[in-house]
């Protein structure tokens with residue numbers, strides 16, 4: 001049976017495409033639940049398409065031994081970057097989103113290549129590891145981020161508030177400003193200046209508490225944690 005699945009025939013092609021759809025779909029479900037631009041169908045298409053490329057490579061190797069069969073696979077790995085880049089967006093508050101989705105698409109493309117060439121053990125182990133990384137490690141990642149002493153926040157200040165005064169208030173709250181980027185200088189919604197502040201906390205505290213302390217500073221119109 002294993003020998004039949006390693007050869008290129010109808011049964012092995014069917015198994016490979018089905019496995020690509022299943023493993024790609026499992027990873028895609030996690031992205032779909034979060035409402036990401038690339039969801040279930042996108043991941044299934046990428047994985048099955050990559051598998052088809054590798055099966056075509058195997059077919060070329062049998063029919064045309066002199067052909068460089070690695071070229072198509074390398075084009076998949078490099079070309080998937082264009083699709084992944086389309087899922088990365090920069091929000092109005094200079095917050096980058098879509099990196100995990102883009103990385104997931106690239107990983108699923110590699111997963112499809114493994115399935116397409118008949119590397120079943122590696123494909124199954126790879127699919128499980130990708131899924132566990134995207135689902136199981138999310139809570140750990142969030143937990144580590146909430147415990148760090150560095151935090152980035154987006155803050156909108158009202159018209160009468162000077163930037164220097166606001167920074168002094170931050171120091172009183174035991175928050176040092178590592179970097180500052182002015183995002184907006186237009187008067188809208190009682191907001192005079194909007195900026196992204198990279199802060200260093202003098203002592204560890206929950207990040208929700210940091211946001212609440214900033215919100216209580218006089219003249220703050222809006223505040224949101226970025227990372």
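Each value in this text was obtained by applying a stated rule to the coordinates, not by laboratory testing. None of the values given here were measured: they were computed from a predicted structure. Note that we place each Cβ from the backbone using ideal geometry, even for glycine, and neighbour counts take in every protein chain shown.
Descriptive notes on the structure:
- The order of 42, 133, going from fewest to most other C-beta atoms within 10 Å of their C-beta, is 133, 42.
- Order of 182, 17, 115, 124 - criterion: other Cβ atoms within 10 Å of each residue's Cβ, fewest first: 182, 124, 17, 115
- Highest mean packing comes first when the peptides 163-172, 195-204 are listed by Cβ atoms within 10 Å, giving 195-204, 163-172.
- 10 Å-binned pair-distance histogram of region 148-225 (Cα, whole percent): 20, 59, 20, 2
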